[in-house]
There are 2 protein chains.
Amino acid sequence: MRQAGRYLPEYRAMRKKAGSFVTLCKTPELACKVTLQPLHRFDLDAAIIFSDILTIPDAMGLGLSIRENEGPRFERPIRSIDDINKLGALDPATDLAYVMNALRLTRNELNGRVPLIGFSGSPWTLATYMIENGSSADFRRSKSLLYQEPEALHKLLRLLTEAVSSYMIEQVKSGAQVLMIFDTWGGILAHADFKDFSLAPTRQIISNIKNTAEASEIPIIVFTKGGGPWITDIAATGCSAVGCDWTVSLGATRRLVGNQVALQGNMDPSILLESPEIIREQVRVVLDDYGGGAGHIFNLGHGVSPGVNPEHVAILVNSVHELSQTSN
Amino acid sequence: MRQAGRYLPEYRAMRKKAGSFVTLCKTPELACKVTLQPLHRFDLDAAIIFSDILTIPDAMGLGLSIRENEGPRFERPIRSIDDINKLGALDPATDLAYVMNALRLTRNELNGRVPLIGFSGSPWTLATYMIENGSSADFRRSKSLLYQEPEALHKLLRLLTEAVSSYMIEQVKSGAQVLMIFDTWGGILAHADFKDFSLAPTRQIISNIKNTAEASEIPIIVFTKGGGPWITDIAATGCSAVGCDWTVSLGATRRLVGNQVALQGNMDPSILLESPEIIREQVRVVLDDYGGGAGHIFNLGHGVSPGVNPEHVAILVNSVHELSQTSN
């Protein structure tokens, strides 16, 4: 999950200097520096590139802006089927060169210390942002398109599936050693719609990546917020690991899906707002739930909240290292 | 789920005349009339008493007010362990006499036409409203109490378990023929916490009701929004039916839980904003998912939204009757 961010004073300083979040993302030297900030502080086992989930819609011409405390907005959101028909294919090597340069720089700076994770939003999740023009309480527009014009939505999802596939393959060529697909809004769909509109595109992306020589061996993590009801389906997409939010039991999930995938997660991020003792105790709860043994990537069930004390993240990371040693 | 409400013009007229939502709830004649409003329009198979989920905290002295477009607020929310210690036990027959009178009136008016459902919020759900002072985006205060002072939270939940139990038993004595427990906010908890803080109190309430001669045979429905990951645990509480939101497959759930409970649900309520054709088609999707046969109570996966055209609810109800006849 997001490691760098507003909870770090050095991030806030750099963002202030850069002027905006989007400038940070689009300036490879700055994105690299921000990516490394948490690595300087914490004994982390991986780095995740600092970027935005909406780089693809932005590169497709929607015009992204992110204002503090307001969330993302597009200048030209999708408002009609016509808008979908006008969207073109993407050449990530050139259209998203800034992400690739940030990956190259960061991979070089990391110099083998820890692996570097690249990521993208899932097609469904990107589509909801493009249609709702940001986040949404009820996803009214997206659901209307789904029910009224399923073929138009499928067309948009096919475009995004192509774009995410080539984007992630290009990320691997640029230095990403692990890929993570975030399906932040899969969990709002009815179960059959989830399979058609969220899971199927994700499965296609994984297949596209695996069928590309330069990326065929890359581990892919799929995270669906609220994905508990579909965890066995997600595990069967061909991914290497399933990211779990805190509502699922890692132990029960392990028994359900067998050994086909690693499991990543799943501490409730709000626990980082509690005391060191509680954080340590809850790390133990997650480790005990998993039950030891291979195949567990400890993580939060979502990103770090802005109000978190950075010292608490250190306590989390150190507790994970210490307690997972004794429990294995 | 909620049948009467703002989507009905006759409801809006009655609310305007009454002056407030709380007045409607607390005036048995009006609550009875509102309960019957959807029955006059639609060929429904049951009536659910018009009331609020927060009657118990209000009767415990927190002082409820509900302003339009603002949601519920308490004059005296729980802000400290002291506030919990000061809460007293409840005598629902007198402290919530208005609910009992509404049930008696409505049962009498229904005169056997359809069964009457009584309901309550679950202890965990009531506790979150009492602690957050209404709804919440992150349930920060409730989670802090859970992690920092679990014993105080357990104390509050024990009080609420007693209150909900006696409230629901009194509802049966007053004419309710089915009971429904709404665990609206169970789905925000980590899985182990869900079992301790949400499921255990619900299980205790069901046991308390079943052990009371006058209520031992009453069917009890448990609905947990976001309860997909725990559906087998919910089915094992001793309830008669499990309410499902639209993220779970009724067919898959039936295979998972066997025949121990009926399943209620689970059309996405946002579909009521679509065209008659789409509503009808999606009714078929839900019926086909369940797969026919006994044990299915068709319902929405949540309440009817304010913007829904009442004609669409008629189409829903008629489609369910027509299509479930042909599919069985």
Going residue by residue through the stretch B:265-287, is there one that turns out to be part of a strand (DSSP E or B), of a type outside the set (A, V, I, L, M), crowded, with 23+ Cβ neighbours inside 10 Å and in contact with an Asp or Glu (Cβ under 9 Å, 6 or more places away or on another chain)? yes
With under 22 Å from A:ILE56 (Cβ atoms) and more than 18 Å from the chain's Cα centre (by Cα) as the only criterion, which of A:SER207, A:SER198, A:SER216 stands out? A:SER207
Evaluate the following for B:ASP268: is it charged (D, E, K, R) and not assigned by TED's automatic domain parsing to the domain that holds B:ASN318? no
Among (1) touching a helix residue (DSSP H, G or I) at 6+ places or on another chain (Cβ under 8 Å); (2) away from chain A (no Cβ under 14 Å), there is one condition B:THR253 misses while meeting the rest; what is its number? (2)
So, of the residues in the stretch B:234-250 that are among the polar types (S, T, N, Q) and away from every other protein chain (no Cβ under 11 Å), which turns out to be surrounded by the most Cβ atoms within 10 Å (Cβ to Cβ)? B:THR237
Report whether or not B:VAL222 is closer than 23 Å to B:THR184 by Cα, hydrophobic (A, V, I, L, M, F, W, C) and assigned to a strand (DSSP E or B). yes
Residues within the stretch A:278-301 that are modelled with pLDDT under 95 and more than 14 Å from chain B (Cβ to nearest Cβ), tallied: 3
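Which ones in the stretch B:191-217 are under 18 Å from B:GLN171 (Cβ atoms) and touching a residue at least 60 places away in the same chain (Cβ under 8 Å)?
If we filter the stretch B:191-217 for residues that are under 18 Å from B:GLN171 (Cβ atoms), which is where we start, we get B:201-202, B:204-217.
Within the stretch B:191-217, B:PRO201, B:THR202, B:ILE205 qualify.
Residues to consider are A:ASP95, A:ASP45, A:ASP83, A:ASP52; find the one that is assigned by TED's automatic domain parsing to the domain that holds A:ASP196, without any contact (Cβ under 8 Å) to a residue 24 or more places away in the chain and either under 24 Å from A:LEU189 (Cβ atoms) or of a type outside the set (A, V, I, L, M, F, W, C) (or both). Break it down into steps so the answer makes sense when it comes.
Values: A:ASP95 fails: without any contact (Cβ under 8 Å) to a residue 24 or more places away in the chain; A:ASP45 fails: without any contact (Cβ under 8 Å) to a residue 24 or more places away in the chain; A:ASP52 fails: without any contact (Cβ under 8 Å) to a residue 24 or more places away in the chain.
On inspection, the qualifying residue turns out to be A:ASP83.
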Can you find a residue in the stretch A:194-214 that is of a type in the set (Asp, Glu) and away from chain B (no Cβ under 14 Å)? yes
Which condition from (1) more than 16 Å from the chain's Cα centre (by Cα); (2) in the same structural domain as A:LEU54 (by TED's automatic domain parsing) is the one that A:SER249 breaks? (2)
Of B:ILE188, B:ILE181, B:ILE220, B:ILE231, the only residue that is in contact with a Cys (Cβ under 6 Å, 6 or more places away or on another chain) and either within 14 Å of chain A (Cβ to nearest Cβ) or in contact (Cβ under 8 Å) with a residue 24 or more places away in the chain (or both) is B:ILE220
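Within the stretch B:300-322, does at least one residue satisfy the condition of being under 30 Å from B:ARG12 (Cβ atoms), part of a strand (DSSP E or B) and either of a type in the set (Val, Ile, Thr) or not assigned by TED's automatic domain parsing to the domain that holds B:PHE182 (or both)?
Just the residues of the stretch B:300-322 that are under 30 Å from B:ARG12 (Cβ atoms), to begin with: B:300-322.
Checking the rest, the ones that are also part of a strand (DSSP E or B) come to B:300.
Adding the requirement that they be either of a type in the set (Val, Ile, Thr) or not assigned by TED's automatic domain parsing to the domain that holds B:PHE182 (or both) leaves B:300.
Yes, the stretch B:300-322 has at least one match.
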Go through the residues of the stretch A:91-102 one by one and say whether even a single one is small (Gly, Ala, Ser) and buried (at least 19 other Cβ atoms within 10 Å of the Cβ). yes
When the stretch B:42-79 is checked residue by residue, the ones that are of a type in the set (S, T, N, Q) and crowded, with 16+ Cβ neighbours inside 10 Å are B:SER51, B:THR55
Only one of (1) assigned by TED's automatic domain parsing to the domain that holds B:TYR129; (2) touching a Pro at 6+ places or on another chain (Cβ under 6 Å); (3) closer than 30 Å to B:GLN282 by Cα; (4) crowded, with 24+ Cβ neighbours inside 10 Å fails for B:VAL222. Which number is that? (2)
Do we find a residue being of a type in the set (A, V, I, L, M), within 25 Å of A:ALA137 (Cα to Cα) and touching a His at 6+ places or on another chain (Cβ under 8 Å) anywhere in the stretch A:1-13? yes
Report yes if B:SER275 is of a type in the set (Gly, Ala, Ser), touching a His at 6+ places or on another chain (Cβ under 9 Å), more than 19 Å from B:VAL222 (Cβ to Cβ) and within 14 Å of chain A (Cβ to nearest Cβ), otherwise no. yes
With the condition kept exactly as written, say whether any residue in the stretch B:163-175 is touching a Lys or Arg at 6+ places or on another chain (Cβ under 6 Å) and either within 14 Å of chain A (Cβ to nearest Cβ) or not aromatic (Phe, Trp, Tyr) (or both). yes
Selection within the stretch A:120-150 - more than 14 Å from every other protein chain (Cβ to nearest Cβ) and out of contact with any helix residue (DSSP H, G or I) (no Cβ under 8 Å at 6 or more places or on another chain): A:ASN133, A:GLY134
Just checking, does the stretch B:174-196 include any residue being among the hydroxyl-bearing types (Ser, Thr, Tyr) and surrounded by 24 or more Cβ atoms within 10 Å (Cβ to Cβ)? no
Any residue at all in the stretch B:2-21 that's in contact with a strand residue (DSSP E or B) (Cβ under 6 Å, 6 or more places away or on another chain), in contact (Cβ under 8 Å) with a residue 24 or more places away in the chain and more than 19 Å from B:ALA176 (Cβ to Cβ)? yes
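Take B:LYS33 and tell me if it is farther than 23 Å from B:SER142 by Cβ, over 22 Å from the mean Cα position of the chain (by Cα) and modelled with pLDDT of 95 or more.
On the way: farther than 23 Å from B:SER142 by Cβ: yes; over 22 Å from the mean Cα position of the chain (by Cα): no; modelled with pLDDT of 95 or more: yes.
Spelling it out, it is not the case that B:LYS33 is farther than 23 Å from B:SER142 by Cβ, over 22 Å from the mean Cα position of the chain (by Cα) and modelled with pLDDT of 95 or more.
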The one condition in (1) of a type outside the set (Phe, Trp, Tyr); (2) buried (at least 22 other Cβ atoms within 10 Å of the Cβ); (3) under 27 Å from B:ALA241 (Cβ atoms) that B:GLU162 fails to fulfil: (2)
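For the stretch A:145-156, indicate whether the set of residues that are at pLDDT 95 or above, in contact with an Asp or Glu (Cβ under 6 Å, 6 or more places away or on another chain) and surrounded by fewer than 20 Cβ atoms within 10 Å (Cβ to Cβ) is non-empty.
No; the residues of the stretch A:145-156 include none that is at pLDDT 95 or above, in contact with an Asp or Glu (Cβ under 6 Å, 6 or more places away or on another chain) and surrounded by fewer than 20 Cβ atoms within 10 Å (Cβ to Cβ).
Considering only helices (runs of 4 or more DSSP H) fully contained in the stretch B:1-120, which possess at least 1 residues that are over 30 Å from B:SER144 (Cβ atoms) and hydroxyl-bearing (Ser, Thr, Tyr)?
Details: elements: B:9-18, B:21-26, B:28-41, B:81-85, B:92-95, B:97-110.
The qualifying helices (runs of 4 or more DSSP H) are B:9-18, B:21-26, B:28-41, B:92-95, B:97-110.
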Among (1) closer than 23 Å to B:GLN3 by Cβ; (2) touching a helix residue (DSSP H, G or I) at 6+ places or on another chain (Cβ under 6 Å), there is one condition B:ILE231 misses while meeting the rest; what is its number? (1)
Please enumerate the residues belonging to the stretch B:286-328 that are β-branched (Val, Ile, Thr) and farther than 25 Å from B:PHE182 by Cα. B:ILE315, B:THR326
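The values are calculated or read from the model by the stated rules, or taken from the named source; none is laboratory data. Note that this is a predicted model, so its numbers are computed, not measured. Neighbour counts run over all protein chains shown; Cβ positions are idealised from the backbone, glycine included.
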